[in-house]
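Novice: Here it is, the structure, as structure tokens.
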Amino acid sequence: MTKKQRAKIIIEELEKCFPVIEIPLNHNNPYELLVAVALSAQTTDKKVNEITPKLFSVAGTPNKMARLEVAEIKELIKEIGLANTKAKNLKKMAEQLLENHNGNVPQSFEELEKLAGVGHKTASVVMSQAFGIPAFPVDTHIHRLMTQWKMTSGKNVVETEKDAKKIFPKELWNKLHIQIILYGREYSPARGKQKDYITPLLFAK
């Protein structure tokens, strides 16, 4: 079975499992999404969703975030991993948005990746989910499943992203990357009992 044929099966099965998707991180606007994604590094989406309501009630705009001291931000996010570094980045990010973008979240990969605490994956999530611009953010679930499905031989998420963009139709990227993440969490966890059923479909004799 070719990669193109396997891709067709993957798309069809994911659409059956998750015909309607919701972004796992709760937010009300592009800035809140940017902050939530930045906070999610090495932390579960569930934990981020637990702490962001209080954070956003106090600092839901770049103006409000920039006025807080780093120690105050850290106190609000202390339950998540790397809280000290993330607090510093959130303050700096807010200041950058105010200084360079009139307090608005920029709509380009280049400008997003200049912000404190924002890497390519975070920028890709914001571009795809806040602004509808095609992107294919790759997390550990996607990297693991793409490897398992023999859709990539990439050694890291950067290489896997390139392969995913070659294999899957561009118009599906924004939905598909979330579908794969959701599938990984529900059907093919990295630890625990495996429930993955797509892999056998791809390599059935």
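Throughout, read-outs are computed from the coordinates displayed, never taken from laboratory work. A quick note: this is a predicted structure, and the numbers were derived from the prediction, not measured. Virtual Cβ from ideal backbone geometry, glycine too; neighbours counted across all protein chains shown.
Novice: Given axes a ≥ b ≥ c from the Cα gyration tensor, I'd like to know whether segment 78-172 is rounded (a/c under 1.5), prolate (a/b larger than b/c) or oblate.
Specialist: Oblate, since a/c reaches 1.5 and b/c is not below a/b.
Novice: Would you list Ile23, Ile10 from fewest to most Cβ contacts within 10 Å?
Specialist: By the 10 Å Cβ count, ascending: Ile23, Ile10.
Novice: Counting only GluC sites (Glu not before Pro) that are in a DSSP loop and have at most 12 other C-beta atoms within 10 Å, tell me the longest site-free stretch of the chain.
Specialist: The answer is 80-205.
Novice: Treating the angle as unsigned and between 0 and 90°, give the value, to the nearest 10°, between the Cα long axis of helix 173-187 and the longest Cα principal axis of the chain.
Specialist: Its long axis makes an angle of about 80 degrees.
Novice: If you take the square roots of the eigenvalues of the alpha-carbon gyration tensor of segment 30-131 and sort them as a ≥ b ≥ c, do you get rounded (a/c under 1.5), prolate (a/b over b/c) or oblate?
Specialist: Oblate.
Novice: Using just the helices of the chain, give the 222 nm mean residue ellipticity in deg cm²/dmol: DSSP H runs with n ≥ 4 each add -39,500 (n - 2.57), and the total is spread over all residues, rounded to 500.
Specialist: Taking each H run of at least 4 residues, the total per residue is -18500 deg cm²/dmol.
Novice: Kindly express, to the nearest 10 degrees and within the range 0 to 90, the angle between helix 45-59's C-alpha long axis and the longest C-alpha principal axis of the chain.
Specialist: Helix 45-59 sits roughly 20 degrees off the main axis of the chain.
Novice: Also, I was wondering about something else. Less than 18 Å apart at the alpha-carbon level, and either on another chain or at least 8 residues along: which lysines does that give for Lys175?
Specialist: Qualifying lysines at Cα under 18 Å: Lys8, Lys16, Lys121, Lys162, Lys165, Lys166.
Novice: Please give the net charge around Asn84, taking every other residue with its beta carbon less than 14 angstrom from that of Asn84, where Lys and Arg add +1 and Asp and Glu add -1.
Specialist: +2
Novice: Also: Where a ≥ b ≥ c are the square roots of the eigenvalues of the C-alpha gyration tensor, would you call segment 86-139 rounded, which needs a/c under 1.5, or, failing that, prolate if a/b is larger than b/c, or oblate?
Specialist: Oblate.
Novice: Could I ask something else about it? Hey, which aspartates and glutamates would be in cross-link range of Lys78, C-alpha to C-alpha under 16 Å, not counting anything within fewer than 8 residues on its own chain?
Specialist: Qualifying aspartates and glutamates at Cα under 16 Å: Asp45, Glu50, Glu69.
Novice: If you don't mind, another one. Rank these for me by crowding, His120, His143, going from fewest to most other beta carbons within 10 Å.
Specialist: In order of increasing Cβ crowding within 10 Å: His120, His143.
Novice: Would you tally the net charge around Pro62, using a Cβ to Cβ cut-off of less than 12 Å, leaving Pro62 out, and scoring K and R as +1, D and E as -1?
Specialist: Spelling it out: positives minus negatives among the neighbours equals +1.
Novice: Based on alpha-carbon centroids, what's the gap between segment 1-65 and segment 85-106 in Å, whole number please?
Specialist: A separation of 20 Å, based on Cα centres.
Novice: Measure nothing fancy, just the Cα-based angle from helix 3-17's long axis to the longest principal axis of the chain, in degrees from 0 to 90, nearest 10.
Specialist: Taking the Cα atoms of the chain, the angle to 3-17 is about 60 degrees.
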